[in-house]
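As structure tokens, the structure follows; a few thoughts come after it.
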Amino acid sequence: MKRIFSLIVALPLLFLFFAGTPAAGAETVTLDRYLKMVWEGNHTLQAAMRSLEAAYFGTLASVAPQRPNVALSGTASYVSDQVAQNTHNRNARTYDAGVALTHRIDLSGSYSLDERQQILSYEIERAKLDENINTLVSTAEQTYWSAVLARENIALQKDVLRQRQENNRVTEEKHKQQLVPKLDLIRSEAQVVAAESLVTEAGAQYRNLLATMANLVGGVEVVPVEEPLSVPRFDVTANPAKALRLRPDLRVARLTLERGRILKKLRAKGMAPTLTVSVQWTAWADPWNASTPQDGEIGASLRLNIPLLDGNATKYEVLNADRLIQAAEASLQAVETTMSAELATAFNNWELAAALEKDKARQVERSDEELRITELMYNEGMGAQIDLINAQTENQRARTDYLNAVKGMYVALAELRNVVGDYSPGEDGAWKEAVIRYGKGDPAKTPPARK
């Protein structure tokens, strides 16, 4: 029986030793180092950044039709039998080369509106990226602290296992001396097996969190640095004014509303007249009159287009833009309402976690003292085993609850930072680089570049 029990004890511990040990090549990281690795290595984030760059160049390309177009042109033709004024010109060949400049003049001011809405479209994408960053980094910090507390839980469960193994040893000695019945020995052995299962479970949870951490940094194996566990302090400036200023989703909603208003003005100019100017110079033609304008001559033209009917397209596009404005206004109000509720919830979660930590700490103190006294009485033959088992179970629960309370404090702080937008880049939402490229805006107000 003892040999079988020894195998039951040894096998899970061997499994835990090999499976619970992090890979030898894993990098030990602090929180700051880990978050930096997330910034630099997360593949999803890198893809989003490249997509944002593509959107930037797409914005530049979208306004190209507003600029003058210059083109070089050349033609060559051959006709086997050309007849002109009853004269046959067999194997006629003509050549010409020239330069043409074409520009559509904006008479209604729609170019500036279109340019601004394109810039706002890019800024919206930028704010959406910042929103993803805010969520990603918040998740990364919560995962980091969850892994730290999971490692602490492994140490806790191993300590519980050590206690129960020692109690089982004492029970075995008492059973040999016929001081306790066989039932007490069976109970103590069952407690050891149960503790081993909890150690194995804690190890699996820790390894799962390490896998999540590795995924967030792009596949690099990392392990949180080992340092004394401390209770976090409240160090977040969390208020509605800050959240309104920093939260990326609020920036998205505000920019979307602003762009909708500009789009409505732009759509209203659908029937505006346009004027196209064209200048062409024929640098060379053979024969000299083979092209228009002829060899060495310059030609210019103006074309005015005044729309009369467009099938009510402008009318309905304006109505469409108006409804989108109303939708954007409602969306902004919804985001602001959600922000207020999330901020209140995050504060409540922090206050609850802080209160639980203090309460659980007192419970651990009382439970440790109760367990010490119960163990002493049992070892001296003055207490019942069932009292010892109950004290051990309660102590394990109290210590585990305390770790969960500390974890809840770290998670609550990360949630607060996420709610107020602390993880998003330090920008005011009016990213000006595209505006400066277009020769507009005030460069002095441009936010610093992202590090």
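Only Lys, Arg, Asp and Glu count, each charged at its Cβ (+1, +1, -1, -1), so figure out the dipole size of the chain about its Cα centre, rounded to 20 debye.
720
I need the shape label for the stretch 239-371. Rule: rounded when a/c is under 1.5, else prolate if a/b > b/c, else oblate, with a, b, c from the alpha carbon gyration tensor.
Note, shape of the stretch 239-371 comes out prolate.
Could you report the chain's accessible area per residue, 1.4 Å probe, as an integer in Å²? Each step should come with its number before you reach the end.
On the way: 25150 Å² over 451 residues.
Dividing the accessible area of the chain by its residue count gives 56 Å².
With a 1.4 Å probe and all protein chains left in place, how much of the accessible area of the stretch 283-371 comes from carbon and sulfur atoms, in whole percent?
54
What ranking do 179-189, 398-408, 325-335 get when scored by the average of other Cβ atoms within 10 Å per residue, highest first?
Final packing ranking: 398-408, 179-189, 325-335.
How large a share of the accessible area of the stretch 146-194, in percent, is made up of carbon and sulfur atoms when the probe is 1.4 Å and the other protein chains stay in place?
Carbon plus sulfur share of accessible area: 53 percent.
Working only with C-alpha atoms, what are the Rg and Dmax values of the stretch 116-214, expressed in angstrom?
When restricted to Cα atoms, the stretch 116-214 yields Rg and Dmax of 25.3, 91 Å.
For a test of the definition: using alpha carbon positions, the gyration tensor, and the 1.5 limit on a/c, classify the stretch 331-388 as rounded, prolate or oblate. Don't jump to the answer; show the numbers that get you there.
Details: a/c = 11.39, a/b = 5.10, b/c = 2.23.
Since a/c reaches 1.5 and a/b is larger than b/c, the shape of the stretch 331-388 is classed as prolate.
Using only Cα atoms, find the angle between the long axis of helix 2-19 and the longest principal axis of the chain, and express it within 0 to 90 degrees, rounded to the nearest 10.
Helix 2-19 sits at roughly 30 degrees to that axis.
Of Leu304, Gly219, Leu257, which is farthest towards the positive pole of the chain's charge dipole, taken about the Cα centre with +1 and -1 on the beta-carbons of Lys, Arg and Asp, Glu respectively?
Value: Leu304.
Report for the chain the percent antiparallel among DSSP-assigned beta bridges with both residues inside it, nearest 5.
Numbers: 35 of 38 bridges.
Of those bridges, close to 90 percent are antiparallel.
Report the net charge of residues surrounding Leu352, where surrounding means a beta-carbon distance below 14 angstrom and charges are Lys +1, Arg +1, Asp -1, Glu -1.
Around Leu352, the surrounding residues sum to -2.
Where does helix 248-267 land angle-wise versus the long Cα axis of the chain, in degrees 0 to 90, nearest 10?
Once rounded, one gets 20 degrees.
Over the chain, what is the relative contact order in percent, taking alpha-carbon pairs closer than 8 angstrom and at least six residues apart?
23
If packing is taken as the average number of other Cβ atoms within 10 Å across a peptide's residues, how do 284-293, 202-211 rank, most packed first? Don't skip to the end; give the middle numbers.
Details: 284-293: 15.5, 202-211: 18.1.
Top of the packing list down: 202-211, 284-293.
Provide the packing ranking of 370-380, 138-148, 226-236, i.e. peptides ordered by the mean count of other C-beta atoms within 10 Å per residue, highest first.
Per-residue Cβ counts within 10 Å, averaged per peptide and sorted highest first, yield 138-148, 370-380, 226-236.
Binning at 20 Å from 0, report for the chain what percent of all alpha-carbon pair distances ends up in each bin.
17, 31, 23, 16, 9, 4, 1
The values are calculated or read from the model by the stated rules, or taken from the named source; none is laboratory data. Just so it is clear, the model here is predicted, and its values are computed rather than measured. Cβ coordinates were reconstructed from backbone atoms using ideal geometry, including for glycine residues, and neighbour counts include every protein chain displayed. Surface areas here come from the heavy atoms of the whole protein model, side chains and all, with no ligands, DNA or RNA. Shrake-Rupley method; radii C 1.70, N 1.55, O 1.52, S 1.80 Å.
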